1. Going through D296, D275 one at a time, which residue ends up being modelled with pLDDT of 95 or more, more than 16 Å from ligand 1 (Cβ to nearest atom) and acidic (D, E)?
2. Which number in (1) in the same structural domain as T217 (by TED's automatic domain parsing); (2) under 18 Å from G249 (Cα atoms); (3) in contact with a Lys or Arg (Cβ under 9 Å, 6 or more places away or on another chain) marks the one condition that E288 misses?
3. When A67 is evaluated against the numbered criteria (1) in the same structural domain as Q391 (by TED's automatic domain parsing); (2) touching a Leu at 6+ places or on another chain (Cβ under 8 Å); (3) surrounded by 23 or more Cβ atoms within 10 Å (Cβ to Cβ), which criterion, by number, is the only one it fails?
4. Just to check your reading of the model, which residue among A160, A207, A156, A201 is closer than 12 Å to T232 by Cβ, among the small types (G, A, S) and either within 22 Å of the chain's Cα centre (by Cα) or more than 16 Å from ligand 2 (Cβ to nearest atom) (or both)?
5. For segment 102-150, how many residues are under 19 Å from A204 (Cα atoms) and of a type in the set (S, T, Y)?
6. Would you tally the residues in segment 409-438 being farther than 22 Å from C384 by Cβ and surrounded by 22 or more Cβ atoms within 10 Å (Cβ to Cβ)?
7. Counting only residues that are more than 20 Å from the chain's Cα centre (by Cα) and within 16 Å of ligand 2 (Cβ to nearest atom), how many does segment 163-188 have?
8. Any idea which of R119, R162, R170, R131 is in the same structural domain as V210 (by TED's automatic domain parsing) and out of contact with any helix residue (DSSP H, G or I) (no Cβ under 7 Å at 6 or more places or on another chain)?
Amino acid sequence: MPSTILLRNGLIVDGSGKAGYRADVLLDGELIAQVGTIDPATAEETIDCSGLVVAPGFIDVHTHDDAIVLDAPGMLPKISQGVTTVVVGNCGISLAPLQTEAPIEPLGLLGTQRFRFERLAAYADAVNATRPALNVAALIGHTSLRAAAMPQLDRAADAAERAAMAGMLRQAMDDGALGLSSGVFYENAYAADERELAEIAAAAAGAGGVYATHIRTELDGILDAMQEAARTARHSGLPLVLSHHKCAGPANWGRTRETLALMDRLATRQPIGLDVYPYTAGSTVLREDLVDGVIDIIITGSEPHPEMAGKLLADIAALWGVDQREACRRLIPGGACYFQMNEEDVRRVLAHPRTMIGSDGLPHDVRPHPRLWGTFPRVLGHYCRDIGLLQLESAVFKMTGLPAAQFGLDKRGIITPGNYADITVFDAQTIRDRATFSEPDRVSEGVRHVFVNGGLGYEENSSTAHSRHGRFLRRGLRD
Ligand code: ZN
Ligand code: CU
């Protein structure tokens, strides 16, 4: 592997949101050495980037890749999209710090065999020993803390339990965590009250963490759920990140006008960010209360009926001669894609200036939601180029500079000398997602070269296996 690589004559979209410009970029070792007009003689290898965009590697801010980076470290679904860093530990679910043989719902979203890390430092060591293809940064999940600290989860934590969870979070922050995530939407966290959440989260305040949350409901009660999240963040002294923002259910379609207005109002008194994936279907565990008989639901996997993966719940119900709720009960435990959103809402959220891109991909599903393989090229191809919803520079900002600043990922997310050489070279004319609900694991088109910490980690249409250059990223200083 040459130590100096020249990316010549590309359009530099540097991740700051500023207009792109034509220039060369010199990578030296794991860093960006120079940006400008550079003599090719200075580099051991030159890659012609004429007609291509040279951008910072994408940061997938919302993932459940905690275990897959250890089990399938090639991370093709992500690196083939140009992703060079994944933020794990979202929705209250993280591998560390928890040791258990039998993970409770919804921790099983991470697979079942990996809850073996007593503290985040041990997980970080495992990531570094495995050396996945991309970088890994970690939130600590509130539901995981509950599973580690509480004998029963159908009530709010008492004072001693709150103190124990705060202590675990404090230690994780020392180990480099990005902050706390919660998933009070889910069983086993739903009984947590604001005091529990705010007291635990406060343990991350001194260390510069964030509070990311899958709010209590994204259905009718969404405004109250957002207010709860905002109060929790204010009381704990943390910036708030609203996860996978959406208004779910036909009765709430169009209401992102209200939710984004509320967010803008809240943002005048506290720091707020949000993330989104570019699809009208969500995906999570199978739950009877999400089956309304109206929206389409596709099964992504089922323990009792694995043969039903990929089928519509309505068809399964018809086949069995039962209603959809009964069919759902028979398929549990399992997962599904829920077509619960409206296209106009998805566009409104994507276009909001505070919005970052996060795939929320579920890598352990048999037939996963296509967002696992397609999110970033779909934003750049469909939403940016094809329908013109976003400027190229602002789409890239949402994937790079904005998340790096939001999560305190030092020296990432911007192309500038001295930063780490996480770089994605893509063709803005051809980039597109190819993953669909019927064929979810198809590699995207138009992502040409991906560098992680200065090493080439992915090339389009290349049959040679590339070496893996990722590492665990500790939280840096947030601006
Ligand atoms: Zn979630
Ligand atoms: Cu999630």
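The values are calculated or read from the model by the stated rules, or taken from the named source; none is laboratory data. Only a predicted model underlies this, so the values are computations on that prediction, with no experimental measurement involved. So basically every Cβ, Gly included, is an ideal-geometry build from the backbone, and we count neighbours across all protein chains shown.
1. D296
2. (1)
3. Answer for A67: the failing condition is (3).
4. Being closer than 12 Å to T232 by Cβ, among the small types (G, A, S) and either within 22 Å of the chain's Cα centre (by Cα) or more than 16 Å from ligand 2 (Cβ to nearest atom) (or both) holds for just one of A160, A207, A156, A201, which is A201.
5. 3
6. Residues in segment 409-438 being farther than 22 Å from C384 by Cβ and surrounded by 22 or more Cβ atoms within 10 Å (Cβ to Cβ): 3 in total.
7. The qualifying residues number 2.
8. Exactly one residue qualifies, and that residue is R131.
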